[in-house]
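The structure appears right after this line, and notes come after that.
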Amino acid sequence: MIYSRIIGTGSYLPEKIVTNADLEKIVDTNDEWIQSRSGIKERRIAADDQFTCDLAEQASLKAIEAAGIKSSDLDLIIVATTTPDQVFPSTACLLQQRLGIAGPPAFDVQAVCAGFLFAIDVADKFIKTGSARCALVVGAETFSRIIDWTDRTTCVLFGDGAGAVVLRAADEPGIYSTHLHSDGKYKDLLCVPVGVSRNFKQVNSGSAFTTMEGGEVFRWAVTAMSDIVDETLDANRMSRDDIDWLIPHQANIRIINAVGKRAKIPPEKVIVTVERHGNTSAASVPLALDEAVRDGRIKPGQNVLIEGFGGGFTWGSALVKM
Ligand code: ACO
């Protein structure tokens, strides 16, 4: 049996920090409201000339360095993003060129805030079936570009960033299991209602913005991300005690706390970055993973349950032995 193991992690945050006080100057909001409703204190925003691939490249170089491999060792590149640099080629192809690799497949996956989990699932299957031996999986977003900065109900919640992992084939897990779900009947609750094929003029004029039914999204995110903890543990005949760390999608501290409570995972086992990153969509989980690996909380051999939830709705998890 072939498994895939995470052998290196990396992440990148743009330099520009936007605090809640900064947002008070552009919309009718305040630090107390934002912190009490979301836990967010600040977020990073990409520079005008910085695009998703730039963020992905920095995170990837760090993951490649941490893995102790060369770019030329990679035989698969998957980028999870909702905010690609261009309509095409994919951000993964742009990244491949930056990394100086030619030949192996490179493609994007789109599952919004659950995108990194979908990308990990696909890469894991490539490795398990012998189609790839060393994969780069990236979650990268410039979500600030699809936010209406005059809409206080959404603009306070999001940020930009990128996280990456290198997966390599191994004789032992590694990734124990992955679990993915979608339910398109909730498509209108969290979306950008225009795109390439529909009302493209709005995209062209820079008014393709995220809309959200916050309360509904909140309820669904809590239910889906706590239920999938049980699904993941059951599939591996493991108990909560076998989990060293939970890394949920970083959308909102109230969602994270409610997931921990409902899934009966104590707060000291839950990695939280949302207060400094905001919601970076597909980048949120690999960013949090890299942070906790680099600061020494996550140690080799520990079991980490990562999970995401996003527009679609889409949701997924992976149970990983580091
Ligand atoms: N500053 C000040 N007041 C605000 C702001 C703001 N930024 N935004 C909204 N308000 C006001 C509202 O207008 C409303 O005022 P009203 O009562 O006079 O109409 C009041 O605050 C309360 O608004 P609610 O929507 O009831 O606030 P709630 O406590 O539900 O929190 C929030 C809103 C933070 C959006 C919450 O519903 C939430 O977190 N939902 C989950 C959404 C999420 O995290 N989405 C991220 C993408 S999804 C994902 O990644 C999983």
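General observations
- Percent accessible area from carbon and sulfur atoms, the stretch 3-171, protein chains only, probe 1.4 Å: 50
- Put a dot 7 Å past the Cα of residue 213, heading toward its Cβ, do the same for residue 31, and the two dots end up 3.5 nm apart.
- Whichever aspartates and glutamates have a C-alpha closer than 15 Å to that of residue 70, once near sequence neighbours (fewer than 8 apart) are set aside: 57
- 3J(HN,Hα) couplings calculated from phi for the stretch 144-149 with the Karplus curve 6.51 cos²θ - 1.76 cosθ + 1.60 (θ = phi - 60°) are, in sequence order, 4, 6, 10, 10, 7, 6 Hz; Gly and Pro show x.
- Rolling a 1.4 Å probe over the protein heavy atoms gives the chain an accessible area of 42 Å² per residue.
- Karplus-derived 3J(HN,Hα) values for the stretch 15-23, using 6.51 cos²θ - 1.76 cosθ + 1.60 with θ = phi - 60°, are 5, 6, 9, 10, 8, 4, 4, 4, 5 Hz; glycine and proline are entered as x.
- Separation of the stretch 36-61 and the stretch 193-231, taken as the distance between their Cα centroids, equals 19 angstrom.
- Taking the 1.4 Å solvent-accessible surface of the stretch 191-285 as the whole, the part contributed by carbon and sulfur is 50%.
- 3J(HN,Hα) from dihedral phi, the stretch 124-138, Karplus parametrisation 6.51/-1.76/1.60, rounded to Hz, x for glycine, proline: 4, 5, 4, 6, 4, 8, x, 7, 8, 10, 8, 10, 9, 10, 10
- Choice from 309, 218, 88 showing the highest fluctuation, given a GNM over the chain with Cα pairs closer than 10 Å: 88
- Rounded to 5, percent antiparallel among DSSP beta bridges of the chain: 75
- Tensor-based shape of the stretch 228-296 (alpha-carbon gyration tensor, a/c under 1.5 rounded, otherwise prolate or oblate): prolate
- Plainly put, the stretch 3-171 has a radius of gyration that is 1.04 times its Kirkwood radius, both from alpha-carbon atoms, as the Rg/Rh ratio.
- Cβ-placed point charges (K, R +1; D, E -1), dipole of the chain about Cα centre in debye, nearest 20: 380
- Measuring r between the beta carbons of residue 203 and residue 71 and using R0 = 41 Å, the FRET efficiency lands at 0.80.
- Rounded to 5, the percent of DSSP beta bridges in the stretch 171-315 classed as antiparallel: 60
- Violating pairs (Cα-Cα greater than 31 angstrom) within the set 128/299; 41/264; 25/62; 41/62: 25/62
- Cross-link partners of residue 125 among lysines, defined as those whose alpha carbon lies under 21 angstrom from its own and excluding same-chain residues fewer than eight positions apart: 321.
The values are calculated or read from the model by the stated rules, or taken from the named source; none is laboratory data. Because the structure is predicted, anything quoted here is derived from the model rather than measured. Here the Cβ is made from the backbone with ideal geometry for all residues, glycine too, and neighbour counts use every protein chain on show. We work out accessible area using only protein heavy atoms, side chains counted, and drop any ligands, DNA or RNA first. Shrake-Rupley method; radii C 1.70, N 1.55, O 1.52, S 1.80 Å.
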